[in-house]
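Data block below; observations after.
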Amino acid sequence: MVRKNIYTLGLLIILTVSTAFISNNFSDFSYLIFVILALSCVKFLLVVFNFMELKKANVFWKISIVSFLIIFTITILLIT
């Protein structure tokens, strides 16, 4: 495995563990959804750009993925 992928995988594991820790130990619901959603967005972007190699793709696909993420995040924040 390439060293960059190992660092990315380690960061993904750290973000996943921190998301689980935050969701179990904090009870203030007002900012908890925002923090967990932000960590999930970072994990999504890491997976898409590093493991799916979207950084080598056409600009259209980069814009469409980031647009989807923004629309999804706004929709979730508006629903809750």
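Derivation of every value follows stated rules applied to the coordinates shown; laboratory data play no part. The shown structure was predicted, so the numbers you read here are calculated from the model rather than taken from an experiment. Backbone-built Cβ (ideal geometry, glycine too); neighbour counts: all protein chains shown.
Observations on the model:
- Modelled spin-label separation between PHE44 and PHE60, with each label point placed 7 Å from Cα along the Cα-to-Cβ direction: 2.2 nm.
- ³J(HN,Hα) computed for each position of the stretch 44-51 - Karplus, 6.51 cos²θ - 1.76 cosθ + 1.60, integer Hz, glycine/proline x: 4, 5, 4, 5, 5, 7, 9, 8
- The chain: angle of helix 3-25 to the longest principal axis, Cα-based, in degrees nearest 10: 10
- Computed from label points 7 Å out along Cα-Cβ, the spacing between LEU9 and GLU53 is 1.7 nm.
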